[in-house]
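Have a look at the structure below before the remarks.
The values are calculated or read from the model by the stated rules, or taken from the named source; none is laboratory data. Because the structure is a prediction, the values reported are computed rather than measured. Reconstructed Cβ throughout: ideal geometry from the backbone, glycine too, with neighbour counts over all protein chains shown. Ligands, DNA and RNA are stripped out before the accessible areas are found, and what is left, the full protein with its side chains, is counted by its heavy atoms. Shrake-Rupley method; radii C 1.70, N 1.55, O 1.52, S 1.80 Å.
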Amino acid sequence: MLKLNAHTITNKEYFYGHKACGGCGESLALRHAMKILGENSFAALPAGCMAAVSFIYPNMAFTTNAMITPFAATASVASGIAAGLKALGIENTQTIGIAGDGGTADIGFQALSGAIDRNADIIFITTDNEAYMNTGIQKSGLTPYGTKTTTSPAGENLPGSITQKKNMFEIVAAHGITYAATASVGYIEDFLKKVQKAKDTKGTSYIQVFVPCPTGWGYPANETVSLAKAVVDSGLWYLAEYENGEFMLNKNPKEFTSAKDYLKKQSRFKHLNDADIEYIEEQRDKKWEIMRRKWNY
Amino acid sequence: MSKQKKFICGDDAVAEGVRLARPHVISAYPITPQTITVERLAEYVEEGSLKAEYLHVESEHSALSCAIGVSSVGARAFTATSSQGLLYMAEALPYASGARLPIVMMNANRSIATPWNIYGDQMDAMFLLNSGWIQYYVEDAQEAMDMMIQAYRLAETKEVMTPVMVNIDGFVLTHTYELVEIPEQSLVDEFLPPISMPENSMSLESPKSLCISAGNDTNMEFNMKQHFDMLNSEYFIEAIDKEFGDKFGRYYNGMLEGINMDDAEIALITTGTVTGTTRVVLKKLRKEGKKVGLIKLRVLRPFPVEKLAEVLKGVKAVGVIDKNISFGYEGTVFTNVNSALSTMENMPKTMNFIGGIGGRDITKEDIEIAYEKLFEFLQGEKIERVQYMNVRCDY
């Protein structure tokens, strides 16, 4: 496989001129993914930031085919596109669904499950910034414990969100999907490699990419990539793949960097006290203990 | 030419019509009383008599969303639903119509919960009159099959480019067996050419962004274009039905059919299968020398304002049979008819007969009573303008 990096990736742009915030991790992921997916792509995006900033008549940010879908319907519209192209005999195309964490793990969950069940020939990319950002930072199923959002306020009685981040990667894998992966825009080459792998996969594949959001998380816009690295290095997110029925850890840090440093750089976690952070670290360690025991690496 | 006839139910007839229309992709989810249609289509695909992709979706919302994806690349899409299923996919209906995607959907008219009930009334489709879909209502299995073919032709007409919902009364039509004439595939192929929609579909040759957002500086104009194309689709509904009749020998009179309207003093307006029952009563009353007529409304969107006013010229009282209630008001068809008739110089008196809710039978006797009440109403007797047929409680 071609080594993907800044030197080998195409200079062509398929996604530009959008109105995303400065430092947006989501548009960064999308721009790079499109470079791999190429001009024969058909993209389906639900209501959410990327749809809101990219389809404002008459300024369209995709140079490829793309459409907004009903919020719940990213995977079903995408599988309809793929089925339509197949029925028309149009070959060498790539259909992708690109949804946020809410559009994947909450309202889009059923349609995604159905598409995987049908083994629809699509790539589903979840740009995970851990809350509903387009509507103004509300808690989603992928919001981690202790996050302050506008619907999970932190105060004297609650530490922000009190639920754990839904384990979408393994839920998707449990369908027996052909290919699934996690990624982070902090490790962009790893992400691009996974997009390429998904592109080469026949049937449904799923990539959940971690995309920091300066607006929703409260950090300077130039920290997006370093935070996306720090979350992986501190073990609060992980880079992994699921293929042929097996899990593989792509990065297994000998020692985690400080979770506290990662958390405290963001105003959504500013309120956390040492006990909260200790709890978050405990949960992290439990997860890694299981992954290291059961997964390949 | 030998004509093939089959003894089949309404759902079967829809499936036959869909097979003849050769859709590229069928997205299917079961719901009573529609299910037989998607079962038949699955069999056709399995045996190879229909070359189509068959998608087992996990919900009605996805059934229509899949069809939206299919249609967005210029392929022919079919789906079918009913009742709660239609309401579940409701959000996606304006997506399809706003994006001008010529999807055809069969809706088996069924009551809405609660109370739960699987039988036929027309509450479901009436909810979606404002969804931007053209709505047909059919009377029998033959018309159900024929309208699947006409629906694709209409939806894919360049000037129309609007999705079409064909409404089939639950059980009374979906599950009732009739002799249906099946046209030859070659004739259908002549009538319904391959789909072509280069201007509003995504393609490699001409990449597009679809289902876009438009601000308040342009949004209204998009809606106006959609609205006026729907209004103008009335012309194509008439023309396509005429052409269909010339080719297959069955005419349905486009937007509406008037029966015994030439000298009618009073008339009933019906949608769907209750038309058939009313035809029988009409014949009897005519034999008795009563000047009664019947109008079968075949299309509720677009609404045949001028044609309805024209056919009702000289009629003194009109009753509208509604198999739905708009809670807190009256029957929905009645509201629509009154607005249309207000364009007339001498507007007839109007009455509403609400019945058949939750699948309660509307009998010949009920319809005869409706005609009688219309006569009484005409003669100036004081009776409620909105009547409820065959109700078993005080209200």
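Out of everything in the stretch B:91-114 that is at the interface with chain A (Cβ under 10 Å from one of its Cβ atoms) and open to solvent by 10 Å² or more (accessible area, probe 1.4 Å), what residue ends up being farthest from A:PHE109 (Cα to Cα)? Filtering the stretch B:91-114 for residues that are at the interface with chain A (Cβ under 10 Å from one of its Cβ atoms) and open to solvent by 10 Å² or more (accessible area, probe 1.4 Å), the one farthest from A:PHE109 (Cα to Cα) comes out as B:ALA99.
The listed residues are A:GLU13, A:GLU26, and the only one of them that is surrounded by fewer than 18 Cβ atoms within 10 Å (Cβ to Cβ) and among the acidic types (Asp, Glu) turns out to be A:GLU13.
Within the stretch A:44-59, the residues that satisfy the criterion of being in contact (Cβ under 8 Å) with a residue 12 or more places away in the chain and facing another protein chain (nearest Cβ under 9 Å) are A:ALA44, A:ALA51, A:ALA52, A:SER54, A:PHE55, A:ILE56. The set of residues in the stretch B:29-38 being of a type outside the set (S, T, N, Q), surrounded by fewer than 24 Cβ atoms within 10 Å (Cβ to Cβ) and in contact (Cβ under 8 Å) with a residue 24 or more places away in the chain consists of B:ILE31, B:ILE36. Just so you know, in the stretch B:55-88 the residues that are of a type outside the set (S, T, N, Q) and more than 9 Å from chain A (Cβ to nearest Cβ) include one that is nearest to A:ASP117 (Cα to Cα), and it is B:GLU60.
Condition check for B:SER62 on (1) in contact with a Gly (Cβ under 8 Å, 6 or more places away or on another chain); (2) open to solvent by less than 10 Å² (accessible area, probe 1.4 Å); (3) under 15 Å from B:ILE134 (Cβ atoms): one failure, at (3).
Inspection of the stretch A:95-104 identifies no residue that is over 17 Å from B:SER71 (Cβ atoms), among the acidic types (Asp, Glu) and either without any contact (Cβ under 8 Å) to a residue 40 or more places away in the chain or within 7 Å of chain B (Cβ to nearest Cβ) (or both). Applying the set (1) open to solvent by 10 Å² or more (accessible area, probe 1.4 Å); (2) at pLDDT 95 or above to A:SER54 leaves exactly one unmet item: (1). Scanning the stretch A:140-188 for residues that are among the acidic types (Asp, Glu) and open to solvent by 60 Å² or more (accessible area, probe 1.4 Å) gives a single hit, A:GLU156. Within the stretch B:374-383, being surrounded by fewer than 20 Cβ atoms within 10 Å (Cβ to Cβ) and either of a type in the set (Lys, Arg) or at pLDDT 95 or above (or both) holds for B:PHE375, B:GLU376, B:LYS382. Residues that are out of contact with any helix residue (DSSP H, G or I) (no Cβ under 8 Å at 6 or more places or on another chain), in a helix (DSSP H, G or I) and modelled with pLDDT of 95 or more are absent from the stretch A:133-142 altogether. Scanning the stretch B:213-233 for residues that are of a type outside the set (Ser, Thr, Tyr) and either in contact with a helix residue (DSSP H, G or I) (Cβ under 9 Å, 6 or more places away or on another chain) or away from every other protein chain (no Cβ under 14 Å) (or both) yields a total of 11.
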